[in-house]
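The structure appears right after this line, and notes come after that.
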Amino acid sequence: MSIIDPHYRSVQQLLKNASFSIDEYQREYKWEKRHVDELLDDLCAKFWSCYRPGDETPRVAEYEGYFLGSIIVSKRGGKSYLVDGQQRITSLTLLLIYLYRRSIDLKLPVRSQIEPLIFSDSYGQPKFNLDIPEREPVIRALFEDQLFNTDGHDESIQTMHARYCDILERDLQGELEAAFTHFIYWLMGNVGLIEIATDNDTYAYAIFETMNDRGKPLSPVDMLKAFLLAPIGDAATRKSINQVWKREVHELASWGGEQDAERDSACIKAWLRAQYADSTRERKAGASDRDWELIGSAFHRWTRDNTDRLGVGKERENIRLMSVEFPFFAKAYKKILDASRSYTPGLEAVFYNAHNEFTWQNTVLLAPLDPADNDDTVRRKLAATATYLDIWLMRRAANYIRVGYSSTAYAMFLLCRDIRRKPLEGLVAILKSKLEADDVSFVGAPSRGRRGIDGLGLNQFSRRYIYHMLARLTAHIEAQSGRPDLFDQYVDRERANPCDIEHIWADDYDRYKSVFPTREEFHTARDNVAALLLLPADVNRSLQDKDYVDKVVVYARQNLYAASLSGAAYEHQPQFKEFRARSGLPFKPYGTFGKAEQAERTALVKALANDIWSTIRLDAF
């Protein structure tokens with residue numbers, strides 16, 4: 001008879017020297033950035049509620065725990081095959097790899113406790129505890145802190161790498177500071193799951209189906225609707241308003257032809273935060289959640305507790321909220337989603353921010369809107385606010401300043417509060433004023449010791465932003481020279497032959513010893529944004545080891561930014577010539593490419609960046 005064996009296990013008990021695998025027919029690793037953000041937010045919120053400055057690490061054992069749910073495994077051949085729980089175990093592994101790498105960098109003794117949760121020795125055979133052979137290359141690269149190119153790899157590998165970059169960008173160590181070690185011990189010993197194990201696949205899947213086939217509880221959206229409908233006495237009116245609400249919820253959930261049961265909830269959170277949140281949790285240990293956080297965790301309860309602020313609680317006011325305000329913001333939210341997916345004239349900045357995976361965009365863009373705004377005003381407000389975010393975000397990315405979900409939450413709360421329901425003219429004035437007062441630019445961030453474009457090089461954090469920047473530089477030059485704006489095609493990773501980052505210098509230090517005294521100086525220069533281009537993947541691969549004099553002949557036939565290194569781009573290109581004259585940008589062809597040429601190219605990139613991300617763009621609105 002098969003045994004079903006449920007046990008509560010801490011992360012350390014579950015993963016130490018373990019071996020988890022999946023069957024080939026299991027689905028891919030699918031977690032999105034928002035899932036990782038929510039997990040880290042929940043973990044940090046629980047930890048901060050327990051931690052007090054001055055606590056010794058043994059005190060962590062007394063902190064409250066955090067329950068991550070259950071996993072179902074089928075045990076066979078010395079391995080635990082995940083029937084349910086692949087997404088969480090994979091995400092936990094990525095988080096632990098980050099904590100391990102930072103612990104090594106900081107020389108923390110706790111690193112020896114983390115390692116066996118990721119990597120162990122089985123009878124002399126080293127292996128990763130997440131034992132999925134096709135995913136081993138990316139896990140190994142992250143574990144060893146090596147750059148990893150996801151091109152050509154399957155969806156799970158690409159998603160794992162992207163989510164690790166999200167964790168890296170979150171910078172938990174910087175966020176937790178002195179509490180970092182305490183958090184690691186708390187995660188390992190106080191965070192846990194229930195492992196439901198059986199030695200029979202049939203039983204395992206029967207358990208899974210039973211646990212996922214129970215009556216679905218009411219969602220926060222359902223509970224909010226019930227609360228708002230309660231004061232409406234007339235049955236016909238209640239039915240009519242209910243139909244309006246249901247229609248909006250359905251259109252959100254099915255937007256774009258893709259069912260997402262959480263999209264209605266995400267819209268309502270964004271709407272309420274943008275329009276009504278007046279407070280946020282203080283950034284210190286032991287602080288309580290306020291409007292911003294409470295809306296994110298339980299907006300139906302927050303609404304019930306803040307009826308005066310929302311102007312609801314009575315029949316007429318509730319009808320207005322459900323039949324006027326919610327449809328207005330749901331329509332605007334869908335417009336943002338549309339522009340995030342499709343490169344839309346006039347709303348290009350929304351697409352830019354979505355490509356940079358800036359999670360707060362959907363919330364912030366709703367803040368200046370007023371239900372009295374007409375469609376044109378809504379569009380202009382969305383465009384202006386998205387443009388501000390684009391400039392603000394890229395200035396920080398160029399200076400290695402974290403722009404992840406947690407790192408920017410407080411700044412976005414303040415921004416929402418400052419621009420809430422502002423008229424268009426006032427909105428633009430506020431946004432311009434904020435950018436002009438910003439001490440972060442493409443030249444640098446003096447208060448943080450950052451050097452801007454001069455110091456921007458390729459690494460795990462910056463890769464996505466450099467890719468984005470190169471695509472923007474390229475598309476801008478071409479559009480200003482009378483060619484189509486192909487930004488959306490340059491960043492489309494689903495194309496048959498997508499663009500890759502091209503290094504102008506081949507990866508061969510010996511070839512450049514006479515120019516660069518040390519290997520480190522060579523790699524720093526080679527990875528600098530001014531020594532990089534975007535090229536189609538097949539072209540990029542064909543040029544890997546070639547010298548510049550051979551490469552530049554091929555560059556001449558590629559996009560205009562790459563071609564501008566070649567003299568051919570300066571012949572028979574009247575619109576490019578006009579653009580150079582009009583902009584005064586220091587374009588120049590090069591027969592050879594060394595230190596001096598890179599310095600000139602850096603000046604060009606800075607000038608282009610200041611042009612593309614200029615505050616003058618806001619004057620258009």
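Legend: residues K595, K284, K606, sorted from most to least accessible area (1.4 Å probe; ligands, DNA and RNA excluded), read K284, K595, K606.
Between the alpha-carbon centres of segment 514-584 and segment 214-263 there is a gap of 54 Å.
Ordered from highest to lowest accessible area with the whole protein assembly present and a 1.4 Å probe, D550, D55 read as D550, D55. The H on the amide N of Y590, modeled in the peptide plane, is under 5 Å from the matching H of S566, G567, each at least 5 residues off or on a different chain.
Fully extending the segment from S297 to E251, taken as 0.36 nm per residue of separation minus the present Cα-Cα distance, adds 14.3 nm. In the complete set of protein chains, residue-level accessible area for T377 is approximately 40 Å², probe 1.4 angstrom.
Counting heavy atoms of the protein chains alone, H7 has an accessible area of about 80 Å² for a 1.4 Å probe. In order along segment 263-271, the Karplus-derived 3J(HN,Hα) couplings, from 6.51 cos²θ - 1.76 cosθ + 1.60 at θ = phi - 60°, round to 5, 5, 5, 4, 5, 5, 4, 4, 4 Hz, and Gly and Pro are given as x. When you filter the GluC sites (Glu not before Pro) in segment 278-342 for DSSP loop state and at most 15 other Cβ atoms inside 10 Å of their Cβ, you are left with E282.
Run the simple label-point estimate for S407 and D222 please: 7 Å along Cα→C-beta, distance reported in nm. That separation, rounded to one decimal, is 3.9 nm.
Out of the DSSP beta bridges found with both residues in the chain, what percent are antiparallel (nearest 5)? Taking every DSSP beta bridge with both residues in the chain, the antiparallel ones total about 70 percent.
Cα centroids of segment 307-370 and segment 457-474: 29 Å apart.
Note on S49 and S514: their simple-model spin labels are 6.7 nm apart, each label 7 Å out from Cα toward Cβ. In a DSSP loop and with at most 14 other Cβ atoms within 10 Å, the GluC sites (Glu not before Pro) in segment 477-548 are E494. If you sort W255, W245 by accessible surface, 1.4 Å probe, largest first, the order is W255, W245. Treating each Cα of segment 442-584 as one equal point scatterer and applying the Debye formula with no solvent, the log10 of I(q)/I(0) at q = 0.15, 0.16 Å⁻¹ comes out as -0.86, -0.97.
Could you pull out the trypsin sites (Lys or Arg not before Pro) across segment 22-115 that fall in loop regions by DSSP (anything but H, G, I, E, B) with no more than 11 other Cβ atoms inside 10 Å? List each step's numbers first, then the result.
On the way: sites: R27, K30, K33, R34, K46, R59, K75, R76, K79, R88, R101, R102, K107, R111; in loops: R27, K30, K107.
Here the trypsin sites (Lys or Arg not before Pro) that fit, given the DSSP loop and packing criteria, are R27, K107.
Answer with one residue from I114, P574, Y590: the one whose Cα lies farthest towards the positive end of the charge dipole of the chain, charges on Cβ with Lys, Arg +1 and Asp, Glu -1. Farthest along the dipole direction, towards plus: P574. Our coupling estimate for segment 453-460, obtained by passing each phi through the Karplus curve with A = 6.51, B = -1.76, C = 1.60 and θ = phi - 60°, is 4, 4, x, 7, x, 6, 8, 4 Hz, Gly and Pro reported as x. Normalising the average separation of contacting C-alpha pairs (under 8 angstrom, six or more residues apart) by the number of residues puts the relative contact order of the chain at 12 percent.
Restricting the calculation to Cα atoms, the chain shows an Rg/Rh of 0.98 when the hydrodynamic-style radius is the Kirkwood one.
Applying 1/(1 + (r/R0)^6) with r as the Cβ-Cβ distance of Y8 and R59 and R0 = 22 angstrom yields a FRET efficiency of 0.50. Take segment 511-621 with all the other protein chains still there, run a 1.4 Å probe, and you get 48 Å² of accessible area per residue. Show log10 I(q)/I(0) for segment 385-484 at q = 0.17 Å⁻¹, two decimals, from a solvent-free Debye sum over equal Cα scatterers. Once normalised to I(0) and log-transformed, intensities are -0.90.
Computed from backbone phi, the HN-Hα couplings of segment 535-550 come to 9, x, 4, 5, 5, 4, 5, 6, 9, 2, 9, 7, 6, 4, 4, 7 Hz, rounded to whole numbers (Karplus: 6.51 cos²θ - 1.76 cosθ + 1.60, θ = phi - 60°; Gly and Pro given as x).
Of all accessible surface on the chain at a 1.4 Å probe, what whole percent is carbon and sulfur? Kindly include the intermediate steps, with their values, before the conclusion.
Working: 13320 of 27600 Å².
Roughly 48 percent of what the probe reaches on the chain is carbon or sulfur.
The charge dipole of segment 495-549, taken about its Cα centre with unit charges on the Cβ of Lys, Arg, Asp and Glu (plus for the first two, minus for the last two), comes to roughly 80 debye. Of the whole protein surface, S74 contributes about 0 Å² of accessible area at a 1.4 Å probe radius.
The values are calculated or read from the model by the stated rules, or taken from the named source; none is laboratory data. Quick caveat: nothing in here was measured; it's all calculated off a predicted structure. With ideal geometry, Cβ positions are generated from the backbone for all residues, glycine too; neighbour counts draw on all protein chains shown. Side chains are part of the model used for accessible areas, which takes the heavy atoms of the whole protein and leaves out ligands, DNA and RNA. Shrake-Rupley method; radii C 1.70, N 1.55, O 1.52, S 1.80 Å.
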